Each structure stands twice: as C-alpha cells, then as structure tokens.
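Novice: The structure's right below; bear with me while I get my questions together.
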Amino acid sequence: MSAPRPPLKPLEQALAELLDFAVALDGVESVSTFEADGRVLAQNLLSALQVPPQDNSSMDGYAVRCADLSPAQNLLSVTQRIAAGSSGTALAPLSAARIFTGAPIPEGADAVVMQEDCDVVDDAQVRIKSLPAPGQWIRRAGEDIRRGAVVLQKGARLTPAALGLAASIGMHVLPLARRPRVALFSTGDELVMPGQVAPEAMKPGSIYNSNRFFLRTLLSRLGCQVSDLGIVPDRLDATVQALHGAAQGHDLILTSGGVSVGEEDHIKPAVQALGALDLWQIAIKPGKPFAYGRVHNAHFIGLPGNPVSSFVTFLLLVRPFLLKLQGVTELAPATFALPAHFTWARADKRREFLRVRRNPAGGLDLFANQSSGVLTSAVWADGLLDNPPGQTIAQGDLVRFIPFSEVLG
C-alpha cells in the first residue's frame, strides 16, 4: 500500500521556505551608471552635494525684490541677464534681472515673475503686471537633496529615474550587487529547438522548446548572467552529467520539466546523487509541481514543463528568490483591486492565477482558455488575477490584480 500523499503546500509557505535559502551573494561590482538599469545597489548612496546647489529660477522671467513693487510702482530697470550655467551680480533696488529656468537667483532678489506676467517697455525696462509673493517661482538650494542624505538605499533596484538621480549627484559608477550566475537547461526528448526542424517535419509527439526562450529572457531582465545549456536527454547519466557541470561556477541551476513523478523524469535521482532535493506540490493553479534543492554549492530549482505553469511559477517564486540573492528587500509586487467583468463559476481547491487583461471600462476581461499549456493566454493578458482557493467570481466582484509590469523584470 502506497504512502498517502502529503497535503499541498500553500504558496505563502512555499515562498517563505524558498526565501529562507536565498542568502545575498557576496561581492560588489562597480558599474557605469549608464549600464546599471535594473541592477541592485550594494551600498547606500550618499550625496556629496545639495540639489539644487543654490537657489534658482523655475521659470523664464524676471528676478525682482518684492519690496520694490506696489500697485503704484511696477516699472523696473533691467540691469542684467542671467542664463542657466552663469551667475549674476547683486540686484540693485528698483531693478530686475532677466532670468531663465535653472539660472541662479541673484543676491537681493526674493521672487521671480514669469515672463507672461511682464511687459517689456524697452530694452532696459520691464513692467510687472502681477505683484509677486516672496519665494514665487524660486527653487530653494537643497530642496531636492541635502548634502549627506541617503539618496538611494542599499537593496534598491535601479530604474531610469534612479539612474538620473544618481547622475545628478555626480555618480558616474555605482556599487552594485553581484549578478547571479544562472545555468539554464530543459529536459525532455520531445523538445526541439526552433530552426532545427521545420514545422512540417516535426515528428509526432515533438514540440518546440518555448520555455527556454521566456525563461532566459526573464532571467536576463532580473540582471542574471545566464549560461544556456540547452536540452538534456531523458537519461539519468546525461542529467547527472549536466547538473554536475552546471554546478561549477553558478549560483543557481534552473530547469524546466522533469520534476513530476514519471519514469522518464530523472531530475530527482540526479539531484539527489549530487546533493539534496525536495519535491513540492504547491496549492496553485497553474504550477503545482516545483522542486528546490542543492547541487554541490549551487541552488537548484526545477519548474514544471507546461509553458504557462513554468511562466507563472517563475514569476511567483523564482523572481523573488533571485531578487533576494541580490539583496533586494521589497520583494512583493504591487497589486490592485479591480472589478471582474466576467463570471468564474468553477471554484478550485487551489489558489488560481488567471490570465486577465484590463479593458477600457476599468475592469478585467478573462482569457477564455486557462489551460496551463496555452501560452497565448500569457501573451494576450497584461496580468494575473490572484483568486483564493474555493472562490467563484461574479460579474462586478472586486478581485486582486497583479500587473505583468510589476513582475516581468
């Protein structure tokens, strides 16, 4: 009599256990700020200066003294012109400085009047049509960044805006966490690489290896150095040899397929021959089978073979694992409550991740075929609907939406 199957593991438990194994990698890399998009800061970034460095104008117009102006006195002499990158002289009483956006405020001036509220009388005079308030249209020194402030924190993933911020304090190279080195391969004699066999020449039972393409891209978007080791034949000796080689010089071995309990699935005995392995049955749909282990000193993660299952489990489990290896602390993607513009009457005992798309009315539409082998659902969708176990969905119900923009990179 066979032993009873263990209960399915909730996603939160599986993720917590997986992240316990993810210790931040040693090493810091100095990388050009131009090349740091998506990478992770290894140290707090402190500003050696303040931004702006001095009070400056946020408008094209005229720098003035508010005390010089009244309803009866609105004509000023224009005594200087200050462009961005230059500096002016102290502003004399009853005078104005022609000033441009970003130019430093001259000593004595306490407001800027934008040019639309001024009339040029002649080359040397300007009439102020709207009396200014002190501080009007002036950006104060240090209002964006104070000297010594932490501008970007250790563990932050760098966005284009963050790179611009780093550059604004003079950082041309950045201290970054080391990139995870990942060995990627697929298992399965049924797999064929596009370009090797024409569609009309495919043997019965053969399929093109789609998982390898999206997994490699997802890894690259997460800043990983990827070694693509191709397709491993469905033989134990070949799987052991591939795993042994992949463990050399890599932090993680990622496979797709071969983590079920079939007679031709050799991942489990091969990993156990070289290290240790746990096969998890996770209470999610798609993506129930999942494996974590060690091969020598490398982490091992085995994803299911069905394309959508592999895609979803990567986003939910592998992505946060790789981010934690790089020292990222904010691992959970942002989610949004949106109305379902469909019904879902088939409640499942597992937590479902349905492929959905936002519509112009502000709700979510559902892809008709939610099978784990239908990769077109992930292309059509712009996110996942996180549906609790045993939950049906009625038209108009608020549901939890995870945009792909939060998890695809």
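The values are calculated or read from the model by the stated rules, or taken from the named source; none is laboratory data. All figures in this text were calculated on a predicted structure; none of them were measured in a lab. Positions of Cβ are backbone-derived with ideal geometry, glycine not excepted, and every protein chain shown enters the neighbour counts. Calculation scope for accessible area: heavy atoms of the full protein, side chains included, ligands and nucleic acids excluded. Shrake-Rupley method; radii C 1.70, N 1.55, O 1.52, S 1.80 Å.
Novice: Return the total of residues in region 210-225 being more than 18 Å from the chain's Cα centre (by Cα) and open to solvent by less than 80 Å² (accessible area, probe 1.4 Å).
Specialist: 3
So that you can scan it fast, the table gives a plain yes or no per residue for (1) more than 30 Å from residue 38 (Cα to Cα); (2) in a strand (DSSP E or B); (3) at pLDDT 85 or above:
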| position | (1), (2), (3) |
| --- | --- |
| 189 | yes, no, no |
| 227 | no, yes, yes |
| 231 | no, yes, no |
| 234 | yes, no, no |
| 238 | yes, no, yes |
| 245 | no, no, yes |
| 260 | yes, no, no |
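Novice: For the subset of region 65-81 comprising residues that are in a loop (DSSP other than H, G, I, E, B) and under 12 Å from residue 110 (Cβ atoms), which member is nearest to the chain's Cα centre (by Cα)?
Specialist: Only one residue tops the list, namely 65.
Novice: So residue 368 ticks every box in (1) small (Gly, Ala, Ser); (2) over 27 Å from residue 222 (Cα atoms); (3) touching a strand residue (DSSP E or B) at 6+ places or on another chain (Cβ under 9 Å) but one. Which box is left unticked?
Specialist: For residue 368, the exception is condition (3).
Novice: Mind counting the residues in region 368-401 that are exposed (fewer than 12 other Cβ atoms within 10 Å of the Cβ) and assigned to a helix (DSSP H, G or I)?
Specialist: Residues flagged as exposed (fewer than 12 other Cβ atoms within 10 Å of the Cβ) and assigned to a helix (DSSP H, G or I) within region 368-401 amount to 1.
Novice: Ok, one more. Condition first: without any contact (Cβ under 8 Å) to a residue 40 or more places away in the chain and part of a helix (DSSP H, G or I). Now tell me which residues in region 313-332 satisfy that.
Specialist: Across region 313-332, the qualifying residue is only 313.
Novice: Which of the residues that make up region 173-209 are within 23 Å of residue 316 (Cβ to Cβ) and open to solvent by less than 40 Å² (accessible area, probe 1.4 Å)?
Specialist: 177, 180, 182, 183, 184, 185, 186, 187, 188, 209
Novice: So is residue 305 in a loop (DSSP other than H, G, I, E, B), open to solvent by 10 Å² or more (accessible area, probe 1.4 Å) and closer than 30 Å to residue 216 by Cβ or not?
Specialist: Yes, satisfied.
Novice: Given the conditions (1) closer than 30 Å to residue 181 by Cα; (2) part of a helix (DSSP H, G or I); (3) out of contact with any helix residue (DSSP H, G or I) (no Cβ under 8 Å at 6 or more places or on another chain), which single one is not true for residue 19?
Specialist: Of (1) closer than 30 Å to residue 181 by Cα; (2) part of a helix (DSSP H, G or I); (3) out of contact with any helix residue (DSSP H, G or I) (no Cβ under 8 Å at 6 or more places or on another chain), only one is false for residue 19: (3).
Novice: May I pose another question? Can you confirm whether region 160-179 contains a residue that is under 24 Å from the mean Cα position of the chain (by Cα) and closer than 14 Å to residue 231 by Cα?
Specialist: no
Novice: On the basis of being open to solvent by 10 Å² or more (accessible area, probe 1.4 Å), among the small types (Gly, Ala, Ser), without any contact (Cβ under 8 Å) to a residue 60 or more places away in the chain and within 30 Å of residue 247 (Cα to Cα), does residue 347 make the cut?
Specialist: no
Novice: Take residue 175 and tell me if it is under 21 Å from residue 408 (Cβ atoms) and touching a residue at least 60 places away in the same chain (Cβ under 8 Å).
Specialist: no
Novice: Shifting gears a bit: Please work out which one of (1) touching a residue at least 40 places away in the same chain (Cβ under 8 Å); (2) surrounded by 15 or more Cβ atoms within 10 Å (Cβ to Cβ); (3) polar (S, T, N, Q) is the condition residue 159 fails and give its number.
Specialist: (2)
Novice: Of the numbered conditions (1) open to solvent by less than 50 Å² (accessible area, probe 1.4 Å); (2) in a loop (DSSP other than H, G, I, E, B); (3) not aliphatic (A, V, I, L, M), residue 62 satisfies every one except a single condition; which is it?
Specialist: Of everything listed in (1) open to solvent by less than 50 Å² (accessible area, probe 1.4 Å); (2) in a loop (DSSP other than H, G, I, E, B); (3) not aliphatic (A, V, I, L, M), residue 62 misses just condition (2).
Novice: Working carefully through the options 84, 48, find the one that is more than 31 Å from the chain's Cα centre (by Cα), assigned to a loop (DSSP other than H, G, I, E, B), of a type in the set (Gly, Ala, Ser) and surrounded by fewer than 19 Cβ atoms within 10 Å (Cβ to Cβ).
Specialist: Testing whether each residue is more than 31 Å from the chain's Cα centre (by Cα), assigned to a loop (DSSP other than H, G, I, E, B), of a type in the set (Gly, Ala, Ser) and surrounded by fewer than 19 Cβ atoms within 10 Å (Cβ to Cβ) leaves just 84.
Novice: Being in a loop (DSSP other than H, G, I, E, B) and in contact with a helix residue (DSSP H, G or I) (Cβ under 8 Å, 6 or more places away or on another chain): is that true of residue 293 here?
Specialist: In short, no.
Novice: Among the residues of region 18-33, which ones are open to solvent by 50 Å² or more (accessible area, probe 1.4 Å) and in contact (Cβ under 8 Å) with a residue 12 or more places away in the chain?
Specialist: 21, 23, 24, 26, 28, 29, 30
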